[in-house]
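The values are calculated or read from the model by the stated rules, or taken from the named source; none is laboratory data. This is a predicted model, so every value here is computed, not measured. Don't worry about glycine lacking a Cβ; one is built from the backbone with ideal geometry, like all the others, and counts go over all protein chains shown.
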Amino acid sequence: MDYFHYVGDRLYCEEVPLDDLAQTVGTPFYCYSERTLLRHLKAFQQAFAGVPSLICYSVKANSTLAVLDSLVRQGAGLDIVSGGELARGRRVGCPAERIVFSGVGKSEAEIRAALEYGILMFNVESPSELRRIDRIAGQMGIKAPVALRINPDVDPQTHPYISTGMSRNKFGIPHRQAMAIYREAMRLPHVSPIGLDCHIGSQLTTVEPFVEAVRRVRLLVDELRAAGVPLRYLDLGGGLGIPYGRGESPPLPDLYAQAMLKELEGLPLILILEPGRVIVGNAGVLVARVEYVKEGDEKRFVITDAGMNDLMRPALYDAYHSILPLERQFDREERTVDVVGPICETTDFFARDRLLPEFREGELLAVRSAGAYGFSMSSNYNSRPRPPEVMVRGDRFAVVRPRESLDQLMAGESAFPEG
């Protein structure tokens, strides 16, 4: 459930009309519902309340400080994948013991910064990374807490670009190598292997792939504990999908939790979950204005002032996002159109061959389910300043990131110096 809804014929975020926001901040802009964010976090926390657990929001989904602050204040931890995300976690005051550091390419500087902050653990992706962490921790005179990310070779039945748990993916340590690398971790003087991590992909809409992965991991955990590895944490990653408006019906967090906990019954480990998209995806929309309506020989194009630099998912994944008018017009016919942006790329689209209520020039629309991997993947392609971000709390709103200016866009650049 989310809190974007029509009141009469006007689309609201919580208690604020989106067309009023457009008048105030201009278009395009991102709008987030704090109430939706916190509802989704609470659903996860309650689903796993019966066992020792920590919900670490996946920062890469949306790293905006206002989003992180709202979640951390309600007890969420953070799953980070870069030094920049670590800095954001520190900025909003996330306790170090609620941060896990994932990702395949951690630099020496990132590892050092995370150790200095005292994070809960690193999710280690390779033997080379394990040895690097051991060396850096040794230089600092400390012992680094680590979990090995195990690749269980499970097909998540999702888009190939967001699959992470198959043997051909770059992520994790092959299941068959796990015991040998845990033994090496036990021998290294400056790491402490306290956990096991497994994450198989994103936007999963059934529990079966999760269950298959957990069954394989459970067997490995039992072997490791029998071999004396002092495991305290089992990180099951994230990946639960959301409805984008195309008939998806992913399981709710409580059903997901029931399936996971049934497979883990009796296992005395603290569970870590890393939801991202399922927390923030449907908590955000991208609002845009129709600049032109263009009749081609074969298609009708609705051209907006938002582009693929603002929301990249359709161009990158051919992803589906539902599109709503900010003001409903019931006397309009539906037309089959492409909703596109101003970027000089054929892949600059939000919808193709979509049957939508007729839009006219100057009208406003909302691209739904844009809270995850929207602004966080945005760019300045075509030298376009990035849009502002607005957060709504009840009947109030705040611009939590202002629109980027052209001066900010070019800050730090210069021509080659003369002489």
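Here is a yes/no grid of residues against (1) touching a residue at least 12 places away in the same chain (Cβ under 8 Å); (2) of a type outside the set (A, V, I, L, M, F, W, C):
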| site | (1), (2) |
| --- | --- |
| D348 | yes, yes |
| P357 | yes, yes |
| F397 | yes, no |
| D407 | no, yes |
| S414 | no, yes |
Kindly indicate the residue of the range 188-238 that is of a type in the set (S, T, Y) and either farther than 19 Å from L269 by Cα or in contact (Cβ under 8 Å) with a residue 60 or more places away in the chain (or both) and also surrounded by the most Cβ atoms within 10 Å (Cβ to Cβ) among those meeting that condition. S202
Return the residues of the range 342-358 that are surrounded by fewer than 22 Cβ atoms within 10 Å (Cβ to Cβ) and touching a Ser or Thr at 6+ places or on another chain (Cβ under 9 Å); say none if nothing qualifies. P342, A351, D353, R354, L355, L356
Find the residue count for the range 1-54, including only residues that are more than 21 Å from R73 (Cα to Cα) and either part of a strand (DSSP E or B) or in contact with an Asp or Glu (Cβ under 7 Å, 6 or more places away or on another chain) (or both). 17
Identify all residues within the range 67-103 that are closer than 20 Å to I150 by Cα and out of contact with any helix residue (DSSP H, G or I) (no Cβ under 8 Å at 6 or more places or on another chain); write none if there are none. V100, S102, G103
What are the pairs with Cβ atoms under 7 angstrom where one residue, in the range 84-105, is on the phi > 0 side of the Ramachandran plot and the other, located anywhere, is of a type in the set (G, A, S) and at pLDDT 95 or above? Sequence gap at least six, or different chains. G103/S82
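If I ask for residues that are among the aliphatic types (A, V, I, L, M) and surrounded by 14 or more Cβ atoms within 10 Å (Cβ to Cβ), which ones from the range 47-64 would you list?
Just the residues of the range 47-64 that are among the aliphatic types (A, V, I, L, M), to begin with: 47, 49, 51, 54-55, 59, 61.
Listed by number, the residues that qualify are A47, V51, L54, I55, V59, A61.
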Odd one out for G84 among (1) of a type outside the set (D, E, K, R); (2) crowded, with 17+ Cβ neighbours inside 10 Å; (3) over 28 Å from L269 (Cα atoms): (2)
Of (1) buried (at least 24 other Cβ atoms within 10 Å of the Cβ); (2) among the small types (G, A, S); (3) more than 24 Å from R10 (Cα to Cα), S378 satisfies every one except (1)
Any idea which of V92, V81, V146, V124 is under 24 Å from L220 (Cβ atoms) and outside the structural domain of L224 (by TED's automatic domain parsing)? V81
